[in-house]
1. Filter region 177-197 down to residues that are over 30 Å from residue 55 (Cβ atoms) and of a type in the set (A, V, I, L, M, F, W, C) and give me whichever is surrounded by the most Cβ atoms within 10 Å (Cβ to Cβ).
2. Name the residues in region 325-354 that are open to solvent by 90 Å² or more (accessible area, probe 1.4 Å) and assigned to a helix (DSSP H, G or I), would you?
3. Kindly establish whether residue 74 is closer than 25 Å to residue 189 by Cβ and of a type in the set (Val, Ile, Thr).
4. Please work out which one of (1) of a type outside the set (A, V, I, L, M); (2) within 15 Å of the chain's Cα centre (by Cα); (3) not in a loop (DSSP other than H, G, I, E, B) is the condition residue 358 fails and give its number.
5. Identify the residue in region 144-169 that is farther than 20 Å from residue 127 by Cβ and either among the small types (Gly, Ala, Ser) or touching a strand residue (DSSP E or B) at 6+ places or on another chain (Cβ under 7 Å) (or both) and, among all such residues, is surrounded by the fewest Cβ atoms within 10 Å (Cβ to Cβ).
6. Hey, does region 317-324 have a residue that's touching a residue at least 40 places away in the same chain (Cβ under 8 Å), in contact with a Ser or Thr (Cβ under 7 Å, 6 or more places away or on another chain) and assigned to a helix (DSSP H, G or I)?
7. Within region 26-68, which residues are closer than 18 Å to residue 319 by Cα, under 24 Å from the mean Cα position of the chain (by Cα) and surrounded by 17 or more Cβ atoms within 10 Å (Cβ to Cβ)?
8. Of all the helices (runs of 4 or more DSSP H) wholly in region 122-239, which have at least 1 residues that are over 26 Å from residue 284 (Cα atoms) and not aliphatic (A, V, I, L, M)?
Amino acid sequence: MNRLTSRIDRERLLLGIAAPLLAIVAALVVTTLVILATGKNPGAAFSDMMTYGFASDSQVYILNKATTYYLAGVSVAIGFRMNLFNIGVDGQYRLAAFVAAVLGGALTVPGWIAIPLIMICAMATGALWAAVAGILKVTRGVSEVIATIMLNSIATAVIAYLLQPGKLGELQQGGTLVSTKPLPSSSYFFSINTGPAGELDGFIVVAVLVGLAYWFVLGRTRFGFDLRTVGQSESAASASGVSVKKMVATSMIISGAVAGLVGMPTLLNESHQFDNSFPVGIGFTGIAIALLGRNSPIGIALGALLWGFLERTTNHLEFQGYDKEILGVIEGVIVLCVVIAYEVVRRYGLKRQQQKVGAELAAQAAATKKQEVA
């Protein structure tokens, strides 16, 4: 039996390596065909992407983008581990960033007090907004997908209503831009000067801490075990004494709290105010990155870096005469290839495991019968 277990573990490791390799090969093949269909040379495109993507300034840009994308991916992954689809991360982080920007602009305390208050405010806002969907699900059975889609629209409307002169907004830059009151310089988050390559956002440190907390809580605590159990089988979790409704609501709140941090790299490191140019759609990018990373903290990090790399290099390809829509095509192809490859490998691995276990049990039964006859 030990030999069988060792063999199964070895095959599981090989299958784990085969899945991403299969996805990468499939994505490269499909992307090559897409570029060929546009009448361009895919070899030159890939070479240009690699050269430009590994330049020092591009690496700083990718890390800054990956910081935001990683937080979005972790937020979505928390829901996925509970078998919940928190599609409302986009509305949660935008509303959280708006409320935090309003608070930050009004604070007159030192930065070492203001920055934690701004971050706590953002997390609380995101958590409360996500809690609405969680409460509706556990009390009324409302799908979290429908609830969070509606909450995204409501968040957009609330921000548009309040971000006006005379309310919580004010005119900036000669009356051409409406924004919240800018944060005082003491409330700026630290950045790392990398020389000619630019400034690396210091919020990357917070993203790393969030990833470590995600790994530890979900993989090394009773709460994380209960959360994963509910996600795999609500009936089994309930039979073991876990409150399914409580876990659903709690996971939505935690997911929303992490979503509240998604807009903080932009607010505290870059724009220092909330206006109509604040990034949108990052929550939906987080869904793709969580899928790419298979809800693993390391996998999500790699997915976020890949997304930042693609965004940087494909935008550059547009200046080289390639169609700008190629970015969306490549991203979509990669996500589809990853999802399909992992599912194909998972089914193959499950089938192989069942065959090996069945063969081993049959061999043991035959040996036992032979001994009885003898």
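The values are calculated or read from the model by the stated rules, or taken from the named source; none is laboratory data. Quantities reported herein were computed from a predicted structural model and do not represent experimental measurements. Please note: Cβ atoms are built from the backbone with ideal geometry, for glycine as well, and neighbour counts cover all protein chains shown. Only protein heavy atoms, including side chains, enter the accessible area calculation; ligands, DNA and RNA are left aside. Shrake-Rupley method; radii C 1.70, N 1.55, O 1.52, S 1.80 Å.
1. Going through the qualifying residues, I end up with 183.
2. Selection gives 336, 340, 346, 347, 348, 351, 354.
3. yes
4. Unmet for residue 358, out of (1) of a type outside the set (A, V, I, L, M); (2) within 15 Å of the chain's Cα centre (by Cα); (3) not in a loop (DSSP other than H, G, I, E, B): (2).
5. If we take residues in region 144-169 being farther than 20 Å from residue 127 by Cβ and either among the small types (Gly, Ala, Ser) or touching a strand residue (DSSP E or B) at 6+ places or on another chain (Cβ under 7 Å) (or both), then 166 is surrounded by the fewest Cβ atoms within 10 Å (Cβ to Cβ).
6. Taking every residue of region 317-324 in turn, none turns out to be touching a residue at least 40 places away in the same chain (Cβ under 8 Å), in contact with a Ser or Thr (Cβ under 7 Å, 6 or more places away or on another chain) and assigned to a helix (DSSP H, G or I).
7. Those that are closer than 18 Å to residue 319 by Cα, under 24 Å from the mean Cα position of the chain (by Cα) and surrounded by 17 or more Cβ atoms within 10 Å (Cβ to Cβ): 49, 53, 58, 61.
8. 204-220, 222-232, 234-239
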